[in-house]
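Have a look at the structure below before the remarks.
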Amino acid sequence: MEIGQVWYGKDETAYKGVAATIQAITARNVQLHFDQVINVDGVKLRGEVMSKRKFERMFEQFEQGGLF
């Protein structure tokens with residue numbers, strides 16, 4: 001996990017289909033910028049600060065989808 005890396009929302013999460021760029025990292029949190037506006041629990045977000053634990057549950061480094 002490094003600043004500037006792009007991670008992708010996992011299937012079956014509110015972040016599915018979202019590309020998140022890491023903007024900052026602290027000891028416990030990750031600040032993200034999303035490639036689109038998303039709706040999480042009725043709140044529209046273009047970015048978010050979340051715990052590293054939640055981030056690892058919601059995102060993965062490699063894009064999902066087919067090979068071609």
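The values are calculated or read from the model by the stated rules, or taken from the named source; none is laboratory data. All values reported here derive from a predicted model rather than from experimental measurement. In this analysis, Cβ positions are derived from the backbone assuming ideal geometry, glycine residues included, and neighbour counts consider all displayed protein chains. When the accessible area is computed, the model is the full protein with side chains, heavy atoms only, and any ligands, DNA or RNA have been set aside. Shrake-Rupley method; radii C 1.70, N 1.55, O 1.52, S 1.80 Å.
Go through (1) open to solvent by 60 Å² or more (accessible area, probe 1.4 Å); (2) out of contact with any Phe, Trp or Tyr (no Cβ under 9 Å at 6 or more places or on another chain) and name the single condition Q61 misses.
Of everything listed in (1) open to solvent by 60 Å² or more (accessible area, probe 1.4 Å); (2) out of contact with any Phe, Trp or Tyr (no Cβ under 9 Å at 6 or more places or on another chain), Q61 misses just condition (2).
Out of T26, T13, I need the residue that is polar (S, T, N, Q) and loosely packed, with under 12 Cβ neighbours inside 10 Å. Which one?
It is T26.
Only one residue in Q36, Q5, Q61 is of a type in the set (S, T, N, Q), in contact with a Lys or Arg (Cβ under 9 Å, 6 or more places away or on another chain) and modelled with pLDDT under 95, so which one is that?
Answer to the check: Q36.
Taking into account only those residues within segment 2-21 that are of a type in the set (S, T, N, Q) and over 18 Å from G42 (Cβ atoms), which is farthest from the chain's Cα centre (by Cα)?
Q5
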